[in-house]
Amino acid sequence: METPSPPRRGKKKRKTQTTRAYRRCEQEVESLLRETKYEDCGRQELELEARSLQFFHGADDAAVGEKEIPDQEITPEEKGAEENSIDGEAATETIDSPAQTYIDIELQEPPLVWPGVHKQVHYYDDSLLYRPANAAHFQLHLSDCNPGPSQIRMLNRFQEQAKGDASKLSSDLVSELCDDSRSQFVTDSRLYRTVCNKEFQCIFLAPAPINQFMGIPTRRCLTLTFKQLRFTAHPLLLTEHRMAQQLEDLFDQYTENRNRQVCRKLKEELDIARQVGAKLVLSARPELTDEIRRQLRLTQKLRQRYYLESTAERNLSLRLLRVWSKLKALRSQQDFQCTRFQLKLHVGYHPNLESAYSDWKQQFEDDLAEVYREQLELFYCRRRQWGESMVDGASPSKPPRKPNFEKLMASLKKDYDRAFKDPEEPLVDFVRLYADEAAAKLFLPASEQLSKRRNRSYFLKLYLDELYVGQTRTYRLEDDLHLYMNESIGVLLERTLPQNLNIWLYEKSTLTQQGRRLAVMSTRLDLSRKDKAVQLKLGFLAFPSSPKMAGDVCLYYDYGPIEVRRGARDLDDIQPLPDALLRTLFPPRSKAVAAVASTTEPVTPIGPCHKRKKHKLPALLFTEQQLQFCPIRTLFSNKRYQLLRSRHQQRNVHTKQLRFIPALEREIISDDGDALSTAGDSSQLLEPGTYWNPIDLHKHRGYKFLKLLYEIIGNQSARRAKAQQLAHPLLFLADGFDLSLATGWTSLWRALCSLFQGQSTAMIREPAAWQPQAEHDQYQHFVVSLHVVRATGVPVRSRHILNIEEDPNSEADMSNSLFVTQTLMYSNVRPFVSLSYGQRLSRSRSAEGSNPTWNEELQLQLTGCQKDMREDLKISLFDEVIERQLSDEASDLYQRVQCNWLGEYRVPVSSLLTSGKFEGCIELAMPKVLIGYRRPLIESVTNMPPDQYPEFKESVHIWFYLTIEPNRCDLPPLPTNVLACAETVQLQAYLNERRMELQQLLPQPQRYVEPLVCTALGKRVCVTRLLEQLPLPGVLASSKSALESACRFVSLLCQLRSYDPCMGFRGVWLDNQTLLDSTWCSVKDQGVLLCNYMLGLGLECWLVLGHSCPYGECCYVLFRQPDTAELLFVDPASGRHYQLQDVYCPLRRVYCVVGKQNMYFNIQTETRVSMTHFNLQDAACWFPLFNRSSNQSAPEGGVQELDYAYKKSFELSQLQKNIERKIMKKISAWRTTRKTNFNRAFLPHLQQILSDMESLATFSRARYEENAYSEQLERVFPNYMLHGFTLNFPYTNLAAVSDRIRTTCIHYNNSPTVEFCVAVHLKAYANDVISVWVFLLAVVPLDVNQRGQ
Amino acid sequence: MAEVHIIGQILKAVDFDEPHLFCTWTLQSGSAWRLIQGEVHGQTHVSSNRLESCSDFAAPLDIHLSCAAVQGWPTLLVEVHAVNVLQQSWPVGYGFAHIPATPGAHRVEINTWKVAPNGWWQSIRERFGGGGASLSKTDLLFSGVERYKLQTRSSGKVIADLHLIFRKFEEYGVEFH
């Protein structure tokens, strides 16, 4: 306790209550100190050293005894000590700012609370760092002593402290430090480590039960209640207003006086003073004369003050009376009243007049006696003075005169009259009347009312220390120029207390959002009074720019903890802290800050708009936002994030199955690449670009047209079906609803009758025949499963490829044996089947030999909207070639697996969806030329005739079973039966009759085909009308084999792939004009067209409606070969001819046969086509729709356009180049890992082969004479291993071409030396019906040693 | 897009008095954090060990988060519940830990506490009948506003093994060493 500051602290502490624990602690410390005093010097020195070390290089235990001293500030000494580690220092420095804002309370130890301290600014400047040095900073005068380094350091430190205080280092401190009796010095365990000029005030919190202690409230609520606003100057101010306001003010004063009761208090005081004076006089001791005199003087002063106050009070009442009477007179004089102020007078008389008189008289006499005595005293005093002056011989003057009693009495009487009322005077009491609105009866003259009603509304804006807090609602100006607001605004204050309250008055304008600023009121907030609300009346004066206005606002504010407000819950009930504590907890801003604020800010705050001009406030930013790396929006727009997120959520089908998402954003490509573009996808139909090939454009338009046509007809029939369901006429005729009767007066009469008779029961509404199903445009999962059993006739590898696989050693022996070679020939292929759709693929195991058996089930998971599934399912046959690569080391053996495409079979998904399943045996579409492979010719194996080996056919057949799950073949048929019918009513009725007959005969109800079909015009006609003789396009007609050409032409029309009811028999049948114009059609339309061409060629032919393997409901053409009179089927989609007994015919079921004159329904129980009799005249097998017994004959013609003018196709060379370029580009693009070389050397050969192909395809009827081509090519290029094939398909668009190429997987050839060759040949028929021939060849040069063999 | 992968497991709970325990966990993060993938809350199975007071959970954590700010660094909140033979459960431990801010493997020990019995009768009931007070608001776990009102007992530890991978923080000037 030797240092100057601790005793003060101690004293202060003693004022407050200390706990027992604290006192014990204190005692311990003191006893310790006492002990240390008497230690011997040597040890003392050591300890001193240790202590100062401890002090300067601050350890934790230094602060044990001084918990009440906050050690938040880091001393410069410490900085100096830690100058090596500036980083660490910076860290500690930043830490202490939050520490200042929090208040920590320890409950166990003597609890401590630190007030929030305003942050000090620290600068990191080496020059500011203080380094403790062992050399003294200043010259020591005392040369006799030799202080140790620790003492010098201590001296330096105190000198620095003194510098900080701008004072001098006290000499006794220096002497004390330099003194040899050092034990006198550091005796206090409290070590101050700070030079912070902030004085910390400790707060002692007595320990309280835990359920009572609720922490220190840091949050307070300032509630401002605006009561009313009054205009004392306003353009609308009238005399009445002025008077009323005057009266109001007077009345306020009056009430205030009454509340304060000044007169009564003064009177009491006066009485006391008089009594005391009287007592003093009575005691009359000489030493008390001064006291007496003082008392008397006090009495006099009190009396005079009493008179004054009383006079004022009386005057006030008189004025009140006077103004009130004037106001009343004014109100009665003018015929309106615009103020509310009302006064009521209670007039009462003194109950006992006599006593009142006597009281008055008594008082008067007392006062008079007192006054007279005072005057006398004054007189004596003066006379004495005068006498003294006379003795001195000063200026002669008149002697003072004795006070005149009469005069005194008169003056006192006058004072009394002024100050006190006569006893006879009635007692008047004023009461203000707050009449309700109705009673007040405020009204104004009409003219003034009008002007006043106009947008006079005001609002107030509230600023605390220039910070905008809020605004009141808008209030209309009342007639008495008041705004009655009664609105309170609560402001939550956290740790800071505002100093000023500024209120802006705004006039609301109708034109703009912002009001017009009128005036400002400013006041200082006094927040120290906690308990009661502060009432204020703020006057304001409008700005000179605006019309002259003045007034005042009546408001009061309340400042208290918010918890009080919700005190109902006892959990959060916080007891108010004592005032002293609160003041220390919430210091009104530290002085320095306040000073800075006062210098910068003007006294009157600047308005918000003004402020904006001066310094722009930053936009409102949360700290969290300020510290963000990037706004959250960019996170959401991050592509990778979106992908990852949507994959996680599993909602989007595209992202759901993503396996890999690139880590870098730039690697993410948009997924609308070529991969998803599909053959029939209209959006991808055209390559984006400025230039469109006219053929592409034609195809695109045709596609769009057909889609539109289907949509229109579909919509029309749906609408009509709905209308027919609902729209029964509102008025039912009594019996029979015949349109012919429903006209004229009779019908009206009938209608009226029917109204009274009630409705006939004959009109029963039919149950809804057609319900719209929206299901098939939802996303669905499908499982396509292919059970592939076996295949026959798979091509075998020709010699070159064979060589590769053979072990060079064993081959020498084997080549001798013919048998082995032959066996090899038929087992050297390892075929496997793959099922693919879009990008998905699933493959089987690979089997051996050219007649493999897999017996395996392949599954494919598809997702998509049924309507959007336009692609084909591909069942492809591959050969797996395993190539052994011998490296230099004999031990290493590499295998290279390569898959060679052999052929494929396409199933449109839409037809699979419609049919649900396909099964049986199909013939694969093999490439016409397959280089590297050879057909397994039966002759090369055995001498037996091929009839005994029916499976050794020249084409590849696959036995399979293909289903789709969920098997929803419930595509609602198009309700075409509601469309308008072009046939006569009799025919319709006849057809109806025949239907009844037929349905009893039919073994299977689904065989029934409605004979009335819908045409492209949206009308129903009999199906026989579709058949008419049509001429072939000019070039084809002239060729020698017109039939084959017609088949070829029809098969090259583009088939629409769409899951649409219009594709079926009950859908839309196109006539030749729409078909040929658009070149897009469904399979049944191809059949009709082919049948018409055959009729045009003079053949006897029929249209067979049935169910075929890859297309579902379709039309085949049955015709009689003119030479052999043999009946043959023609598949219009491929142009192939089949015999009636052919089991491999894709036509699986026959429903009916339509001829030109008649229509025959199949009523045989046999369902297999190959076993069906086709003797149409047999009534047991076939049911003719029209027969001779009835007089009906089949209607003919009228649908097809007989003289259709074929158009010439566009120029092909450009398209050919486009296709070529596209294929090359695509192959390069797909082979991402390797460089792709294209070999031009083969091109002329390939082109030559392709040019022959079209005629071959047309006329050869799928015979294999093409082996010659591959052998020729192999002969020309013997040193190459070749694999290649031709592809042929009708041209639709470029995307379809690339899709076809992709499914062949030729680009997967991963031989390092592979080269590709692409040749494209186009053959155009009329109307842009184009057959595309593509030759793809993968060329691998053979190694030298392989060549040698 | 800065990303954090939290891979690991809630290994075990040790030093609990009760033999049968399960643990529910939640990963809490600020508003600038978005979950990309994974589950941010879960519950382990009931686990017990007769020989030592240690319940092995080994509940896997695999969470992928992305963030736009360091604020709101994720915390792992755990609640340990005890189960008795009647299949009744009550909380016996609350605790939380911040996910470590350095990449790599970490073993995080989460000290837990439970709400102290409110009076003599309550403690007797807890000792013999099981049960215990639980928090009405789980945000008490991580927010410090009202915690001072709680009276708690310290209970066991939950140990979690976390492997952290941070991506692309360096683009925003945050580096981990």
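Here are the numbers for this structure:
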| item | result |
| --- | --- |
| Residue match in region A:370-377 (condition: among the basic types (K, R) and surrounded by 11 or more Cβ atoms within 10 Å (Cβ to Cβ)) | yes |
| Of all residues in region A:841-881 being in a loop (DSSP other than H, G, I, E, B) and open to solvent by 10 Å² or more (accessible area, probe 1.4 Å), the one that is farthest from A:H957 (Cα to Cα) | A:R870 |
| Test result for A:K1235, more than 48 Å from the chain's Cα centre (by Cα) and open to solvent by 90 Å² or more (accessible area, probe 1.4 Å) | no |
| Within region B:30-46, tally of residues that are within 14 Å of chain A (Cβ to nearest Cβ) and in contact (Cβ under 8 Å) with a residue 24 or more places away in the chain | 10 |
| Strands (runs of 3 or more DSSP E) completely within region B:68-138 that count 2 or more residues being polar (S, T, N, Q) | B:104-115 |
| Neighbours by Cβ (under 6 Å, 6+ apart or cross-chain): first from region A:640-659, within 11 Å of chain B (Cβ to nearest Cβ); second open to solvent by less than 40 Å² (accessible area, probe 1.4 Å) and among the basic types (K, R) | none |
| Condition met for B:D17 (away from chain A (no Cβ under 14 Å) and more than 21 Å from B:F142 (Cβ to Cβ)) | yes |
| Sole exception among (1) farther than 27 Å from A:G793 by Cβ; (2) open to solvent by 50 Å² or more (accessible area, probe 1.4 Å); (3) at pLDDT 85 or above for A:Y961, by number | (1) |
| Condition met for A:L330 (part of a helix (DSSP H, G or I) and either without any contact (Cβ under 8 Å) to a residue 40 or more places away in the chain or not hydrophobic (A, V, I, L, M, F, W, C) (or both)) | no |
| Options B:I63, B:I10; residue that is within 12 Å of another protein chain (Cβ to nearest Cβ) and open to solvent by less than 10 Å² (accessible area, probe 1.4 Å) | B:I63 |
| Residue within region A:992-1008 that is touching a Gly at 6+ places or on another chain (Cβ under 7 Å) and either of a type in the set (S, T, Y) or at pLDDT 85 or above (or both) present | no |
| Those residues of region A:1025-1050 which are open to solvent by 10 Å² or more (accessible area, probe 1.4 Å) and touching a Gly at 6+ places or on another chain (Cβ under 8 Å), in sequence order | A:R1025, A:E1028, A:Q1029, A:P1031, A:L1032, A:E1044, A:R1048 |
| Any hit, region B:126-136, residues being open to solvent by 60 Å² or more (accessible area, probe 1.4 Å), at pLDDT below 80, touching a Leu at 6+ places or on another chain (Cβ under 8 Å) and within 14 Å of chain A (Cβ to nearest Cβ) | no |
| Residue in region B:76-94 that is within 14 Å of chain A (Cβ to nearest Cβ) and open to solvent by 50 Å² or more (accessible area, probe 1.4 Å) present | no |
| Failed criterion for A:S395 (all others in (1) among the small types (G, A, S); (2) open to solvent by 70 Å² or more (accessible area, probe 1.4 Å); (3) modelled with pLDDT of 75 or more hold) | (3) |
| Hey, A:M1281 modelled with pLDDT under 85, under 27 Å from A:A1324 (Cβ atoms) and either open to solvent by 60 Å² or more (accessible area, probe 1.4 Å) or not aromatic (F, W, Y) (or both) or not | no |
| Residue check for B:V4: at pLDDT 90 or above, surrounded by 18 or more Cβ atoms within 10 Å (Cβ to Cβ) and within 14 Å of chain A (Cβ to nearest Cβ) | yes |
| Which listed residue, of A:Y1144, A:Y1116, A:Y1138, is within 24 Å of A:L1012 (Cα to Cα), touching a strand residue (DSSP E or B) at 6+ places or on another chain (Cβ under 8 Å) and hydroxyl-bearing (S, T, Y) | A:Y1116 |
| Matching residues in region A:1097-1139 - criterion: being among the charged types (D, E, K, R) and over 21 Å from A:Q1004 (Cα atoms) | A:E1100, A:R1120, A:D1123, A:E1126, A:D1131, A:R1136 |
| Qualifying residue in region B:164-176 (condition: under 16 Å from the mean Cα position of the chain (by Cα), more than 13 Å from every other protein chain (Cβ to nearest Cβ), surrounded by 11 or more Cβ atoms within 10 Å (Cβ to Cβ) and under 22 Å from B:A13 (Cα atoms)) | no |
| Which listed residue is closer than 18 Å to A:E1044 by Cα and buried (at least 21 other Cβ atoms within 10 Å of the Cβ), from A:V1169, A:V1154, A:V1130 | A:V1130 |
| Where a residue in region A:1176-1189 is in contact (Cβ under 8 Å) with a residue 12 or more places away in the chain and within 16 Å of A:L1002 (Cβ to Cβ) and its partner, wherever it lies, is crowded, with 16+ Cβ neighbours inside 10 Å and of a type in the set (S, T, Y), with Cβ under 8 Å and at least six apart | A:C1181/A:T1172; A:W1182/A:Y1160; A:F1183/A:Y1160; A:P1184/A:Y1160; A:L1185/A:Y1160 |
| Cross-chain or 6+ apart pairs with Cβ under 7 Å, region A:271-282 first and at pLDDT below 85, then in a helix (DSSP H, G or I) and open to solvent by 50 Å² or more (accessible area, probe 1.4 Å) | A:L280/A:E291 |
| So B:L27, is it among the hydrophobic types (A, V, I, L, M, F, W, C), within 26 Å of A:T634 (Cα to Cα), open to solvent by less than 50 Å² (accessible area, probe 1.4 Å) and more than 14 Å from every other protein chain (Cβ to nearest Cβ) | yes |
| Residue count for region A:215-270, restricted to those that are away from chain B (no Cβ under 14 Å), open to solvent by 50 Å² or more (accessible area, probe 1.4 Å) and touching a residue at least 60 places away in the same chain (Cβ under 8 Å) | 6 |
| Residues of region B:66-75 satisfying the condition of being more than 8 Å from chain A (Cβ to nearest Cβ) and of a type in the set (A, V, I, L, M, F, W, C) | B:W73 |
| Identity of the residue in region B:139-163, more than 14 Å from chain A (Cβ to nearest Cβ) and in a loop (DSSP other than H, G, I, E, B), that ends up most open to solvent (accessible area, probe 1.4 Å) | B:F142 |
| Number of the condition not met by A:L974 [criteria: (1) in contact (Cβ under 8 Å) with a residue 24 or more places away in the chain; (2) assigned to a helix (DSSP H, G or I); (3) aliphatic (A, V, I, L, M)] | (2) |
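The values are calculated or read from the model by the stated rules, or taken from the named source; none is laboratory data. Keep in mind it's a predicted model, so treat the numbers as computed, not measured. We place every Cβ from the backbone using ideal geometry, glycine too, and count neighbours over all the protein chains shown. Only protein heavy atoms, including side chains, enter the accessible area calculation; ligands, DNA and RNA are left aside. Shrake-Rupley method; radii C 1.70, N 1.55, O 1.52, S 1.80 Å.
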